[in-house]
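Take a look at the structure set out below.
The values are calculated or read from the model by the stated rules, or taken from the named source; none is laboratory data. Bear in mind that the values here come from a model prediction, so they are computed numbers and not experimental data. Positions of Cβ are backbone-derived with ideal geometry, glycine not excepted, and every protein chain shown enters the neighbour counts.
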Amino acid sequence: MRKLLAQNSRVNDPPAERRAAVAMILIGTPQAKELLFIRRANYQGDPWSGDVAFPGGGIETQDADSRATAERETSEEIGLVLANEAYLGTLGSINGAYLPVNIACHLYQLTERPQLELNNEVLETFYIPLAVLLEPGRNRESNFAYRGTQHTHPIVDLEGYCERFLWGISYRLLQKFFSTLGIKVLR
């Protein structure tokens, strides 16, 4: 996997009003992998309030780079210190579809589920097997309201894991991960 990620070793840093970074954390062995997700706490005025996401947040001036941001934010949000040997590489970055933000995604792998300590920014954490995220019945279009407007977007239905669905930037990062691995998601 490190070889595949080497192709994405550069993180796009196009001008954006806001730059951020997230940590996509794989858990398990090659035969049984799952991803760690968070559900953001609900805050008025937060465009990602209550959404399913990967741990992460805004790049701050003291952060050496986007990887440092992903690691700092993961430690702050869920109490997980990501060791250097867990780092697999970067998936690069993407721009927000509705908000002027550029998000870099860094990939890590742990052999087992860690102990987590959530701060006030995170409502819950949960793990979903990659096989479940690839189920055709879970990958579909959905019509829903976002910021007062109706939208139709591709989502991953997380029923049985979370009451919310995966969509938006986190959805696009997940698709980029599968694409990097050469996996086509069927709908």
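Close Cβ contacts (under 8 Å, 6 or more residues apart or on different chains) running from residues in the range 102-128 that are without any contact (Cβ under 8 Å) to a residue 12 or more places away in the chain to residues that are of a type in the set (Asp, Glu) and outside any loop (DSSP other than H, G, I, E, B) are absent.
Scanning the range 81-97 for any residue that is in contact with a Gly (Cβ under 9 Å, 6 or more places away or on another chain), of a type in the set (A, V, I, L, M) and in a loop (DSSP other than H, G, I, E, B) turns up at least one such residue. Among residues of the range 85-110 being in contact with a strand residue (DSSP E or B) (Cβ under 7 Å, 6 or more places away or on another chain) and more than 17 Å from Ser170 (Cβ to Cβ), the one that is modelled with the lowest pLDDT is Pro100.
For the range 110-133, the count of residues that are surrounded by 19 or more Cβ atoms within 10 Å (Cβ to Cβ) and of a type in the set (Phe, Trp, Tyr) is zero. A Cβ distance below 7 Å, combined with a sequence gap of six or more or placement on separate chains, defines the contacts here; from the range 53-71, residues that are over 15 Å from Arg18 (Cα atoms) reach residues that are part of a helix (DSSP H, G or I) and of a type in the set (D, E, K, R) in the pairs Pro55/Glu73; Pro55/Glu77.
Among the listed residues Ala104, Ala145, which satisfies the condition of being among the aliphatic types (A, V, I, L, M), more than 17 Å from the chain's Cα centre (by Cα) and under 22 Å from Asp46 (Cβ atoms)?
Numbers: Ala104 fails: more than 17 Å from the chain's Cα centre (by Cα).
The unique qualifying residue is Ala145.
Within the range 53-72, is there a residue that is farther than 12 Å from Met24 by Cβ, touching a Gly at 6+ places or on another chain (Cβ under 9 Å) and among the charged types (D, E, K, R)? Checked against the condition, which is being farther than 12 Å from Met24 by Cβ, touching a Gly at 6+ places or on another chain (Cβ under 9 Å) and among the charged types (D, E, K, R), the range 53-72 yields at least one hit. Screening Leu133, Leu118 for residues that are aliphatic (A, V, I, L, M), farther than 15 Å from Leu166 by Cα and at pLDDT 95 or above leaves exactly one candidate, Leu118. Residues that are closer than 16 Å to Leu91 by Cβ and touching a residue at least 60 places away in the same chain (Cβ under 8 Å) were ranked within the range 143-173; the one that is surrounded by the fewest Cβ atoms within 10 Å (Cβ to Cβ) is Arg172.
When Glu117, Glu141 are checked against the criterion of being in a loop (DSSP other than H, G, I, E, B), out of contact with any helix residue (DSSP H, G or I) (no Cβ under 6 Å at 6 or more places or on another chain) and of a type in the set (D, E, K, R), a single residue qualifies: Glu117. Scanning the range 63-80 for residues that are in a helix (DSSP H, G or I) and of a type outside the set (A, V, I, L, M, F, W, C) turns up Ser66, Arg67, Thr69, Glu71, Arg72, Glu73, Thr74, Ser75, Glu76, Glu77. Annotation: of all residues in the range 146-187 being assigned to a strand (DSSP E or B) and of a type in the set (S, T, N, Q), the one that is modelled with the highest pLDDT is Thr152.
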